[in-house]
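The values are calculated or read from the model by the stated rules, or taken from the named source; none is laboratory data. Every value quoted in this text rests on a predicted model; they were computed, and no experiment measured them. For neighbour counting, all protein chains shown are included, and Cβ atoms are generated from backbone atoms with ideal geometry for every residue, glycine included.
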Amino acid sequence: MPTAASADPDPAATATPGTRPPSAAQGQSGQDAVRIEGLHKSFGTLEVLKGVSLTAKQGDVVAIIGGSGSGKSTMLRCINFLETPSAGKIVIDGEEIEMRADGSPANRRQIERIRTRLAMVFQSFNLWTHRTLLENVIEVPIHVLKVPRAEAIAQARTLLQRVGLANKEDSFPAFLSGGQQQRAAIARALAVDPSVMLFDEPTSALDPELVGEVLTVIRDLAAEGRTMLLVTHEMRFAREVADHVVYLYQGQIEEQGPPAEVFGNPKSDRLRQFLQSVS
Amino acid sequence: MELILETLGLTETAALLSLSSPGWGANLLRGLANSLQIALGAFGMGLVIGLFGAYGKLYGGPILRDLLAIYTTVIRAVPELVLILILYYVGTDLINKLAQFMGYGRVEISGVVAGIWVLGIVQGAYATEILRGAIQAVPPGQIEAARAYGMPALLTLRRVTIPALMAFATPGLANLWLIATKDTALLAVVGFNELTLETKQAASSTRSYFTFFLAAGGLYLMVTLCSGVVFARIEKWARRGQPSLRQGGL
């Protein structure tokens, strides 16, 4: 959590374009960053989410765990409308996303604007392969947020340095390891100074020896008070960094609470079984 | 120079191909310029049609998809020569009828414009398929990342999809461009003064068929060779960031 005592300014936040209100890192604690109410999602006849409600306050780190097919990734992707929810309500920073009766977004502009406040880190990195790391990081600030080029480049260099890729800014993603690509993807996410970061299994596509370097970066972000929703299979990591853990089972929240409770004293049998199977 | 031509017995040939009258060289070059103009125009028009066509086929509604399927099937089924005759005569006829109906007199249709339209429509059908394949080859995650960061559709197209699909589309488009340069020769049948018709006129006036058609063949070859250099550069640029297949250490 950020406190008034933190003397040295956070490099990411100071390099932030002045046009956007300071968020995340300095955000007031206690305000809802993300609120999901009664979220449903069906693919054809298959109901993947059956009414999920979840709230993340500013500065919260919410870990979402669950078996494969439990709907955790789908839930994350519904928040920024990469998947169109079938029903429910999504509120980002107090702004409710306008939805039609069938769940499709009613206002494309609004979605695009809200998406710039959410930053997603994908399982398979999804860096733009025809652009260098620096170009990947400055792309959205320059072309979507209209940050002046020089400013965007300076900020991108700071961010790349922060994730330990200062000397790789001219490399193309295909020539880097998975861990390096994912760290670059995190730098790309930080470049929009998001209110909320969405991590969709950020280490699942990595070789085991590369997982640590990515988790270190995420841990630092959590410590600095970034609001994040983290879908993960790394239970030990979730227990360590999360303020709140949500266990999804077949499209519903089976159990949730502080990590010590959820991991240390699971109430539901399914969660107990799940934790046994993954540890 | 004179001596070399003399010993090779090519004095007469040089005179025929000379750029100044009574040589026909200038006519051939003018024909080549016309051909290139049409090829460029038709290729550009084909790309635009192709991009819309590919998007329509991939993301359009059922009616649009059916219409595009008819377009690409018909255009690719009918021989280009026949298409050119149909589109040229039907097209000019329709425009004239329309002009008369609206109270204008007969309209003189420029050969270049007509040629670009006719070949552009043909090229568009092939470009649609090339670009459709290339769009599908772009990793969906890259487009998804663009959406997730709030890029509107057109910006995504310009900044992500088109640069990414270039790597897959360039070889096919290079083919299409070469076909365009040679399809201009078919416009000779509708009396347009491109390279082939100019060559034919020069040849039949002087009865030196071999000389002139060989020269024309040489010019077409030059176009191809230069295009090859240009497209190699484009492809190298389009494939930046992708490891070379040869680095496998075979």
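From the list A:A119, A:A152, which one is touching a strand residue (DSSP E or B) at 6+ places or on another chain (Cβ under 6 Å) and within 15 Å of A:A189 (Cβ to Cβ)?
That would be A:A119, the only listed residue that is touching a strand residue (DSSP E or B) at 6+ places or on another chain (Cβ under 6 Å) and within 15 Å of A:A189 (Cβ to Cβ).
Can you tell me which of B:T170, B:T156 is within 14 Å of chain A (Cβ to nearest Cβ), farther than 30 Å from A:R113 by Cβ and β-branched (V, I, T)?
B:T170
Can you find a residue that is acidic (D, E) and part of a helix (DSSP H, G or I) anywhere in the range A:112-132?
Within the range A:112-132 (the criterion being acidic (D, E) and part of a helix (DSSP H, G or I)), the answer is yes, since at least one residue qualifies.
Residues that are modelled with pLDDT under 90 and charged (D, E, K, R): find the helices (runs of 4 or more DSSP H) completely inside the range B:24-138 holding 2 or more of those.
Output list reads B:80-101.
Filter the range A:86-127 down to residues that are of a type in the set (G, A, S) and over 15 Å from the mean Cα position of the chain (by Cα) and give me whichever is farthest from A:V34 (Cα to Cα).
Result: A:A101.
Can you name every residue in the range B:110-156 that is closer than 23 Å to A:R188 by Cβ, surrounded by 19 or more Cβ atoms within 10 Å (Cβ to Cβ) and small (G, A, S)?
B:A145, B:A146, B:A148, B:G150
Give the residue, chosen from A:V137, A:V163, that is within 20 Å of A:T216 (Cβ to Cβ), touching a helix residue (DSSP H, G or I) at 6+ places or on another chain (Cβ under 9 Å) and within 14 Å of another protein chain (Cβ to nearest Cβ).
Answer to the check: A:V137.
Quick test for you: out of B:L165, B:L131, pick the one residue that is within 14 Å of chain A (Cβ to nearest Cβ) and within 30 Å of A:N136 (Cα to Cα).
B:L165
Identify the single condition in (1) crowded, with 21+ Cβ neighbours inside 10 Å; (2) out of contact with any Phe, Trp or Tyr (no Cβ under 9 Å at 6 or more places or on another chain); (3) assigned to a loop (DSSP other than H, G, I, E, B) that A:K41 does not satisfy, given that it satisfies every other one.
Only one criterion in (1) crowded, with 21+ Cβ neighbours inside 10 Å; (2) out of contact with any Phe, Trp or Tyr (no Cβ under 9 Å at 6 or more places or on another chain); (3) assigned to a loop (DSSP other than H, G, I, E, B) is unmet by A:K41, namely (3).
Here is a yes/no grid of residues against (1) out of contact with any Lys or Arg (no Cβ under 7 Å at 6 or more places or on another chain); (2) closer than 25 Å to A:V147 by Cβ; (3) of a type in the set (G, A, S):
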position: A:L190; (1), (2), (3): yes, yes, no
position: A:D193; (1), (2), (3): no, yes, no
position: A:T227; (1), (2), (3): yes, yes, no
position: A:V246; (1), (2), (3): yes, no, no
position: A:Q250; (1), (2), (3): yes, no, no
position: A:E254; (1), (2), (3): no, no, no
position: A:F263; (1), (2), (3): no, no, no
position: A:P266; (1), (2), (3): no, no, no
position: A:L271; (1), (2), (3): yes, no, no
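hydroxyl-bearing (S, T, Y), more than 14 Å from chain A (Cβ to nearest Cβ) and not in a helix (DSSP H, G or I) - does that describe any residue in the range B:208-215?
yes
In the range A:112-123, what residues are surrounded by 19 or more Cβ atoms within 10 Å (Cβ to Cβ) and either out of contact with any Ser or Thr (no Cβ under 8 Å at 6 or more places or on another chain) or at pLDDT 95 or above (or both)?
Once the filter is applied, which keeps residues that are surrounded by 19 or more Cβ atoms within 10 Å (Cβ to Cβ) and either out of contact with any Ser or Thr (no Cβ under 8 Å at 6 or more places or on another chain) or at pLDDT 95 or above (or both), the range A:112-123 yields A:E112, A:I114, A:R115, A:T116, A:A119, A:M120, A:V121, A:F122.
Residue pairs, Cβ under 8 Å, 6 or more apart or interchain, first in the range B:70-87 and within 21 Å of B:A188 (Cα to Cα), second at pLDDT below 85. List them.
Sorted first by the residue in the range B:70-87, then by its partner, the pairs are B:L81/B:V189; B:I84/B:V189; B:I84/B:V190; B:L85/B:V189; B:L85/B:V190.
Are any residues in the range B:93-109 surrounded by fewer than 16 Cβ atoms within 10 Å (Cβ to Cβ) and not hydrophobic (A, V, I, L, M, F, W, C), and if so, which ones?
Result: B:D93, B:K97, B:Q100, B:G103, B:Y104, B:G105, B:R106, B:E108.
State all residues of the range A:87-101 that are outside any loop (DSSP other than H, G, I, E, B) and closer than 16 Å to A:S53 by Cα; if no residue qualifies, say none.
Scanning the range A:87-101 gives A:A87, A:G88, A:K89, A:I90, A:V91, A:I92, A:E96.
Taking A:S23 as the residue in question, decide whether it is on the phi < 0 side of the Ramachandran plot and modelled with pLDDT under 90.
yes
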